[in-house]
Structures are given as structure tokens and as C-alpha cells.
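Structure, as C-alpha cells:
The values are calculated or read from the model by the stated rules, or taken from the named source; none is laboratory data. Just so you know, these numbers come straight off a predicted model, no measurement behind them. All Cβ positions, glycine included, derive from the backbone under ideal geometry; neighbour counts span all protein chains shown.
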Amino acid sequence: MSETVWRVAIPSPLRRLFDYLPPDTPVSGPVAGRRVRVPFGSRQLVGLVVETGEADPAMPRSRLRRISRLLDEAPVVPADMLRLALWSVSYYHHPPGEVLEHLLPVALRRGEAATRSAERWWQLSEEGRHLSPGDLARAPRQQRILARLQQAGGALPAAELQDLGEGWQGVMRRMEEKGLVAGEERGLTVALPSEPVDGGVALNERQQTAVEAISSHLDGFSCHLLEGVTGSGKTEVYLALMRRILAQGRQCLVLVPEIALTPQLTQRFRDSLPARIGLYHSGMNERERRDTWLAARDGELDVLIGTRSAVFLPLKHPGLMILDEEHDPAFKQQDGFRYSARDLALVRARQQALPVVLGSATPSLESLRNARDGRYQALALPKRAGKAKPPLIRTVDLRGQDLDGGLSGQLLTALDRHLRAGNQALLFLNRRGYAPVLICNQCGWTADCSRCDARMTYHRGRGSLDCHHCGNSRRLPRACPECASEKLGVAGQGTEKLEQVLSRRFPDVGVVRIDRDTTRRRGEMDARLQAAREGRARLLIGTQMLAKGHDFPDLTLVGLVDADQGLMSADFRGPERTAQLITQVAGRAGRGEKPGEVLIQTRVPDHPLLETLIQGGYGAFADAALRERNEAGFPPYSHLALLRAEAHQREAVNAFLEEAVDEGSRRASQELLLMGPVPAPMERRAGRYRAQVLIQAEARPALHALLRDWAPWLEGLKSARKVRWSLDVDPIDL
Ligand code: ADP
Ligand code: ZN
Ligand code: ZN
């Protein structure tokens, strides 16, 4: 009889599980989903037991090593999540060890005990109780804490205070030092149920229809695409559904594309749901993530709000999944294990018999097609809720105009008018820094990155030239390195320059810039959004960080400073992205009772995409784009995978990819097309040459049949050892 072994997933780039002999001491109960410490080479690693089985008879017993230690007395990962991860391994053809890692928060991956920590509770001290908000006028964050604790009337656990924004603990400690608040360690209960202050708005007819339609499918798998224009009240639909799920004692998982969107949503949920709410995203520390993960698994949180990685949060009584802004590319992980959280949410819903709601004002073409083919239930909210009207959208022809910092006369006049009326305006420019090009006016030299095929961006505040692709940075040269001329100039503009130009022009309105440079420090993003929401800042400048989901009721003017950037994209998904971005940014205008206006600056005002979008809206654009994709045979009418490789030597990359293509073509069935190798869109990045092979298939089975055998074969190639390579199934950027 052959030996029983445990198959263990270990963080390793190899596409296989590893067999170990069970530990010496007897073990009772199921072992799949427990963590173990195992010898691996000369190291000891933490792995996750996937299954038990029989040892491969070809493997001499002497080569089998034994599990060193069992870390859990019961499975730490529930069986349903293990199943989701194993499905992902076979779909993405990624090494199981790296996939299964995603099932656990970092603290547990390292082997720490799967128990929750004690938690600090905060309340006002005697002195704090006698304070009025005016006493803290110069410390707005302390003021918020004061208000929160006054409202609570007693002690609150740290988990309940997360929505105070990043860095609130530091502010709290300062208040503790001043004797205004008192902290105390208590055993953890993660979160208290919020006490809703509003019972929800009265839903309009469309919202009601959507809620009813979805509610009749709450007991099994179903998928619903909620297509609602910005401000149409999608969030109210989510809330109504969540109330029903919560009343059944089940949990809701809500995924959003970006951390920045979580505080606003958390607040709204807290105001209207009787629920214990938990957050899960990369901005939290390891301990917080571990605690939320465990509490979600144990059913001690009712609503979980998270980013992409939260699709792997275990739930004890799952009832509903919601993906807000489902079209957002941030749901796709772009390195390592390249999964789509949206697609995995669907798989999870099917496996666990759950309803899932995909919401967006600008659904992805994939989801729209699924809805049209009847695989998803399509629900529409075509009008804004309440009194808000759709914004008026116009293009501004930049040809032949003198611009000031990239701004046309029309846009400046409109800014003046809206700001003078006491409203807010938002200028969108998807390019951070001061200027994208530094050029010598004498000889034409431009500052290029030495490690990438890209220009370096001039950052004036820092006095540096930065590469946005590899992080390479150097001080601004005083003179041209080629001809020693000091006549260095810039071309184009980024958000930093816009901020400078506009602060001079509108000194009294409060200009706030939101991009990756201004929000790097903890708490900055929140502080800036808060200033905008409270009207202390009335002119907002931002990159796409500012385009998503934020709600500023006094915002009446939106200006797109450079629409051409997106219109000129070469990627087949370029038009879709651009249409989504324009529609989303435009949707920030006029969400309250005041009407909104949108100006789109362009040098191609008659571009078909712009014309379709302005005349027919996103729906008309999507119809046209789906027809084009169909004719060109691109997704969602075909399926793609991308094999990428990079190395310091171009020859190494080509040698590997050519070998890959030869073998791939030999193995591929008729329905498959292998294209390449071709250089990546930016061939050199961070000092490495990059190239790729695209695999296109009409039907998924043929694609996966190839990848299943091809991937392990590639892994064994000698030429593979000289490159970094990866497979991307359903890539979103080519
Ligand atoms: P979305 O999520 O689609 O962008 P929201 O749910 O945020 O839209 O709603 C936009 C605004 O309209 C919010 O201020 C919300 O309170 C309000 N609203 C939503 N539904 C209704 C309704 N039925 N009646 C009145 N106001 C509503
Ligand atoms: Zn020069
Ligand atoms: Zn670079």
C-alpha cells in the first residue's frame, strides 16, 4: 500500500503542489485548509494543506520529507474559499502557492496565530466632555473626533473609528496627551453595530423595480447588471438590498476599485444600515487586516467593504456581493497573480450560490454583452435621482487658440462664472507633475529616462526630473547636458502646473490638487477630499483619482483639460477607457440641485467617439464599440492570453519567446492564433527589454487546453531561466 501524503501549497514560482508525510503526532479532523510549517530546500516555510492523497509510487520514500509542524488545530481557510482558489489556479495557470497566498492576510501567511487581538477603546475624559467644537477650531481632525465621541456618548472601539481617515490614531494620541480622551484595552469585538440615523430615502419607481427584481433571486446564484447614470441612486439600491440580506442574518461583501472611495461609502452605510461594518484594503496595517479577516470569517461582521483583494475574504453566512464601478481596471491585478476580482466574484457567486450585483454608470463591454445575451439581468436607472439634472456637455476646439497653462478662454471664462456664483469646479488632467517634457531650446535635447523608453517628468516643487515608469529620479540640471545652454524650457502641462496657474488666477477660492504626489502621506487624501466636501476648497484639480465616485454637491463645472490624450490611445481598449473616464468625470458635475456644465478641450472636436458620446451618451458609444469589437474579433467576442517576458538582454527575451511560440504553435488547435513575439508598447522599462506573445481564441476551452500544458512546459525551459516571464489570462492592457 502506498503512503498517505499531504499536498501543500507553498509560496514558490513552481506550478505544482508539494507532497509531505503527515506530522509524527496523530491529527484528528479535516486537514485541508490548515497551515503547516515544512522544510523546503534548506529553509522552513509556511504552507497551506490543500488535500491529502497517496504518494507518487515513482517517488522513493527516502525523498519524501515530513511536515515539521501543524500550525492550526482546525482549518483556518474554509473549504469554499479553498475551492475558489483552486479554480483560480486552473483558470489563470498561475503557480498554486502564489494563488493560495491570496486566501490569507499577510500576518497569517507568516504563520502567526489565527486569533484576534485585544483592541483599544476610546472615550472622552471628564475634561473632553465639557469641550465644545469651537475650542478646537484650529484642529479640524481633533474636532471630528470630539464630535464622533460626543455623538457616541460612550466608548468606541478603534475598529469603529476607521472612517476618521488615515492617521487618526496619531491625532487621538495627541488628544490623549492633552487629557481630552482616554483609551483602554479591551478584548476584541471588532465592531459595534451602527445605529442608522436615516431609514433610507423613498425609492423612485426605477429603483424600486431594480430592488424587487434582484430581491426575487436572493437565494441562489444570479447576476445583475445595474446600469445607472452617475447620481441615479445606485447606492440607495444597494442599501435597500443590503437591508434585506442583513435582516436574514447574512453578510454582504462590497467591492470598490479604490481605497479612497471607502470612507465615503462607510459613512453612508453607517448612517443607514444596522450593521457591524468592516474594511479590508491595503491601506490598513497587518493586524487590522488579520482581525477583519477573522471576524468576517467568523460571522462577526455583517458588511465588508474592500478593494480587489477582498474578493478572497471568507464569510460565514454570505448573502450578497456587490461590485461598485464594475468597469474599473483597478479590479484587475496587474502583477504577480493577475486575477480579475470582478470575474472571480462571479465564480465565487456561482460556487457559493449567491446573488451578485455589478453596478456602474459606464459598464464594461464584457458585462454589457453578458447582459444583452441574457446571462446577467439588466437593470437600468436612466435618470438622476431627486432633483438633479444631467449636465450639459460641450467640446472646446483648441485649434488656433492661445492657451494659458493649457486652458482655453472659454474654460477660463466658465471657471470664473461658476466660482463667482459660489459653486465648485473640477479640472481633470490625467498627468501629474509640472510638465511631461523638459527640452533644450538651443539644441532640442529632451530629458529622457536612461532606463526606459520614456521622457522624464519635471516636478517643480521637488526640483526633480522623475520617470513615472520606473521611479528613476534626478535633480533638475542647471544647463543642457548636450550643449551647456541654460535655455531649458518645458512643453505641455501636468496637474502641478495647473495648480500654479489657477492659484494665481483665483487666489481666494481654495485650490486643491489631488493626485498621487499630493496624497502620498497618510491622511492627505482624506483631508483634501474633506476640504472639498466642506466647501473650503472650491477649485479641484486632479488625475483619475478624482474621477471616481466622489460626491460634491456644489460642484457645477467640470473641465477636461486634455481629452486628446485618451483619444489617441493605440490599445484596442483605449476608446472604452476614454469613454468611461469622460462620462465618469462629467458625472461629477451637477449632482446636487444646481445644474452642471462640462467642457471638453480637444483638437479633434469632430472625433466620432466624442460625437457619439455627447449626442447619444455612453449607451450609444457602447453599441458602436461592441459592433467594432465584433467585427475585429476582439473581446468580448474572443478570448485572449498574453505571454510576457523581460530581461536585460533583448536576445534572451527573444530566444525564450521564439521557443515558446514554436512549441505553442505545434500544440495549438486550429481555433487558436499566436501572434508575436513583438516588443511591448514601451519596449524598455526599468532597464529591461520587454516583449510579448498574444494568444487569441474564439472559445475559451481551446485557449485553456493549450495553456494547461504549455505553461508547465515553459517553466521547464532552459531559456526561461534567463528571463522574467508571466502569463496573463484576459489581459486588460496589451
Ligand atoms: P449613484 O450611486 O448612482 O451615483 P447615489 O445613490 O449616490 O447615486 O445618489 C445620488 C444622490 O441622489 C444622493 O445624494 C442620494 O441621496 C440621492 N438620491 C438617491 N435616490 C434618491 C431618491 N429616491 N429620492 C431622492 N434622492 C435620492
Ligand atoms: Zn542643448
Ligand atoms: Zn524610467
Among the candidates 186, 243, which residue alone is in contact (Cβ under 8 Å) with a residue 40 or more places away in the chain, surrounded by fewer than 21 Cβ atoms within 10 Å (Cβ to Cβ) and within 16 Å of ligand 1 (Cβ to nearest atom)?
243
For the structure I just gave you, tell me whether residue 538 is buried (at least 16 other Cβ atoms within 10 Å of the Cβ), within 16 Å of ligand 1 (Cβ to nearest atom) and not β-branched (Val, Ile, Thr).
no
Considering only the range 76-97, I want to know if a residue exists there that is part of a loop (DSSP other than H, G, I, E, B), of a type in the set (S, T, N, Q) and within 21 Å of residue 280 (Cβ to Cβ).
no
Name the residues in the range 553-582 that are within 16 Å of ligand 1 (Cβ to nearest atom) and surrounded by 22 or more Cβ atoms within 10 Å (Cβ to Cβ), would you?
555, 556, 558, 580
Any chance you could count how many residues in the range 367-415 are free of Cβ contacts under 8 Å to residues at least 40 places away in the same chain, surrounded by 13 or more Cβ atoms within 10 Å (Cβ to Cβ) and farther than 22 Å from residue 609 by Cβ?
1
Being surrounded by 17 or more Cβ atoms within 10 Å (Cβ to Cβ) and among the charged types (D, E, K, R) is the filter; apply it to the range 423-467 and report the residue that is farthest from the chain's Cα centre (by Cα).
455
Would you confirm whether any residue within the range 64-79 is within 30 Å of residue 523 (Cα to Cα) and touching a Pro at 6+ places or on another chain (Cβ under 8 Å)?
no
Test: residue in the range 602-625 that is within 21 Å of residue 264 (Cα to Cα) and modelled with pLDDT of 90 or more:
no
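Taking residue 336 as the residue in question, decide whether it is at positive phi, touching a residue at least 40 places away in the same chain (Cβ under 8 Å) and more than 16 Å from ligand 2 (Cβ to nearest atom).
Spelling it out, residue 336 is indeed at positive phi, touching a residue at least 40 places away in the same chain (Cβ under 8 Å) and more than 16 Å from ligand 2 (Cβ to nearest atom).
Right, residue 392: modelled with pLDDT under 95 and either under 30 Å from residue 644 (Cβ atoms) or out of contact with any Asp or Glu (no Cβ under 8 Å at 6 or more places or on another chain) (or both) or not?
So residue 392 fails the test.
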With the requirement that a residue be outside any loop (DSSP other than H, G, I, E, B) and touching a strand residue (DSSP E or B) at 6+ places or on another chain (Cβ under 7 Å), what does the range 482-510 give you?
488, 489, 490, 491, 495, 496, 497, 498, 499, 501, 502, 503
Just one of the numbered conditions (1) of a type outside the set (Gly, Ala, Ser); (2) outside any helix (DSSP H, G or I); (3) crowded, with 19+ Cβ neighbours inside 10 Å is not true of residue 694; which one?
(3)
Helices (runs of 4 or more DSSP H) wholly inside the range 105-215 containing at least 2 residues that are charged (D, E, K, R):
126-129, 140-152, 168-177, 205-215
